[in-house]
Amino acid sequence: MDQPLWTPSADRVARANLTHFIAQVARDIDPSVTDYASLYRLSLERPLDFWPALWTFTRVIGDRGERVAIDLDRMPGARFFPDARLNFAENLLRRNDDTPAIVFHDEAGRQRSLTTAALRHAVEQFASALRRLGIGPGDRVAGYLPNIPETVVAALGTAAIGAVWSSCSPDFGVQGVLDRFGQIAPTVLVAVDGYAYAGKSHDSMGRTAEIARALRGLRRVIVVPHVEDRPALETIPHAVRYDEFLASGTADGFSYERFPFDQPLYIMFSSGTTGVPKCIVHGAGGTLIQHLKEHQLHCDIRRGDRVFYFTTCGWMMWNWLISALASEAMLILWDGSPVHPRTAALFDLADAEHVTLFGTSPKFIDAIAKAGLEPAVSHRLDSVRTITTTGSPLGPESFDFVYERIKADVHLASISGGTDIIGCFVGGDPTGPVWRGESQARLLGMAVEVFDDEGKPVRGEKGELVCTRPFPSMPLGFWNDPDGVKYHAAYFERYPGVWHHGDYVELTAHDGVVIYGRSDAVLNPGGVRIGTAEIYRQVEAVPEVLESLVIGQRWEHDERIVLFVRLSEGTSLTPELEARIRQRIRQNATPRHVPSRIVQVREIPRTRSGKIVELAVRDVVHGRPVKNVEAIANPQALDDYRDRAELRV
């Protein structure tokens, strides 16, 4: 019988922010709005009512202005709140007292914390110091930093004066950083002296010196001591220590200038696995209102909650995480490996810091399942109300694992969107049931449809994820793309006037969404389209398989499926194991999903945000050059895929 894995209690539904917002909309706009489905319809059909209601409910600080939106018939080209004035940092720093704002832990056991008052004071000092340096609206400040409190201070200090923040994590090599920051020419670089990962310390000073010498127009390098108390700065041009830079500013009398809704806030970078990364410019107002909506309505984040997401500063989930301050929640930051010094480290953190939202990836869920962890037995996790996952599709077996082995009474939200929109298209509904293998809902205000190859909407069939109406967090454009040619080509070329996101998905009978992987990695044997996630879900349920990667290989005027597997230590790909893998795929998918070749490899190559790089492996297998190896966290892994004898027969 088709039953949900979890249904919220009546009390939980009654207390949810979403329930209170539905009541507000029913009172002020339309009494027929009584549940998520009717609210979703209103959010699409009456955007001029929905977005102001959301502004009011989430208590955006700023002047909203008269007009809600203009040119809603243009995509791209629509603008939201064109008369509004706000300051992003002011909204995130709305508390100014002794309550905690940030609690930081790292894998070595170090801990630090900042109150809301201390965070605000540091941000204002940083912003004042930037102003004294001559930095102003539109200037770029770049961070080469781990997930530490100083990164939050620098990002918000930049936003406070209307400048533009961009960041990547310190595990990027010199060329990877220059591929990104070299395009946007930052005036200030904030860098860390080093970082630790999986018990090993890594020095960043040499790379920072190379980067600083290569960046044109760079006026100051601010070095954050993290590994050493007073790192030597002689080799780095224009360098000053973080504490000295902070001391050059003052919080006394600092004022938050309010800027237009579309004031550039962040420059985010695409993964860059198919070429030089795209520089995606996001506005302050669109980012703020999108995150407030996702946090408060879809994740039920409330004042005083404790929000954790395992992320680096090279992934948009870091930007998403820090926005939780605008909902008066506390940030729990973690720097280092998620499984060091022990596999259960993040669950230890969740208990110690009473985390309410625990954010992670399907890769992490799969890893702890393979490791045999049972957090439901070994940990309390009594504070955790919500678990969110993103980065790749969360398979049905992983849904089962969460409810059976982590926590039975928890809202599990498989959320998905991207760097492109600095937010989500699909995600959670705290008032509704969770169905196995599905993202619960299309998010409010997001006109998500599934199109077939002819551009017709379909339901219950696989197709392309599109968004047919404008939304506030659409990019302002790409950096150095004045005519919008690259921006248009990236999202609007396939279906003119419609956002084409590049995910291969299906709308379900529950009005949920199943994601089958990136559509550019879809397999096509015999002309039948197969999402890669359909195969991963079966293969990675095999105990000996730690992780896998699947591609289509050109073969005899067609395409055949090739599956690469990384196996547990001491395990070999025997004929018996290969047969079991094939049998599981055949029984739980279709015979067409069964790979023609299964190949054992030592590593699965991934981007620095943990996503597998199917396209790069496909290029290697076909003897083509990989366009941007710097975007891959472990590029040496690609060597294992070249000239494999198994793929020549």
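Since every read-out is calculated from the coordinates, none of them should be taken as a lab result. This structure is a prediction, so every number in the text was calculated from the model and none was measured. Backbone-built Cβ (ideal geometry, glycine too); neighbour counts: all protein chains shown.
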In the structure shown, of Lys407/Lys456; Lys200/Lys278; Lys456/Lys486; Lys363/Lys627, the pairs separated by more than 30 angstrom at the C-alpha atoms are Lys407/Lys456; Lys200/Lys278
Rounded to two decimals, the Rg over Rh value of region 56-173 from Cα coordinates and the Kirkwood Rh reads 1.05
Here, His20 and Lys456, labelled 7 Å along Cα→Cβ, have an inter-label distance in nm of 4.6
Going fewest to most other Cβ atoms within 10 Å around each Cβ, Ser383, Ser568 line up as Ser568, Ser383
Total charge of the residues flanking Val33 in space, meaning their Cβ is under 12 Å from its Cβ, with Lys and Arg +1 and Asp and Glu -1, is -2
Summing +1 per Lys or Arg and -1 per Asp or Glu among the other residues with Cβ less than 10 Å from Tyr256's Cβ gives -2
In Å, the Kirkwood hydrodynamic radius from C-alpha pairs for region 571-649 sits at 14.1
Under 5 Å from the placed amide H of Gly502, counting only residues 5+ away or on other chains, we find Leu465
Going residue by residue through region 144-150, the Karplus relation 6.51 cos²θ - 1.76 cosθ + 1.60 with θ = phi - 60° gives ³J(HN,Hα) values, rounded to whole Hz and with x marking Gly or Pro, of 10, 9, x, 7, 10, x, 4
Over the chain, the sum of -39500 (n - 2.57) across DSSP H runs of at least four, divided by residue number and rounded to 500 deg cm²/dmol, gives at 222 nm -8000 deg cm²/dmol
Charge tally for neighbours of Pro457 with beta carbon under 11 Å away, counting Lys, Arg as +1 and Asp, Glu as -1, is -3
Per DSSP, the loop-located GluC sites (Glu not before Pro) within region 451-489 having at most 14 other beta carbons within 10 Å are Glu454, Glu461
Region 497-559 and region 1-41 have their Cα centres apart by a whole-number Å value of 33
One finds, for Arg74 and Asn96 with R0 = 45 angstrom and r their Cβ-Cβ distance, a FRET efficiency to the nearest 0.05 of 0.65
Fewest-first ordering of Trp315, Trp165 by Cβ atoms within 10 Å yields Trp165, Trp315
Computed over all unlike Cα pairs, the Kirkwood hydrodynamic radius of the chain in Å stands at 25.4
Karplus-derived 3J(HN,Hα) from phi for region 186-191 (6.51 cos²θ - 1.76 cosθ + 1.60, θ = phi - 60°), whole Hz, x at Gly and Pro, runs x, 8, 10, 10, 10, 9
Put in order of increasing Cβ neighbours within 10 Å, starting from the fewest, Val629, Val514, Val192 give Val629, Val514, Val192
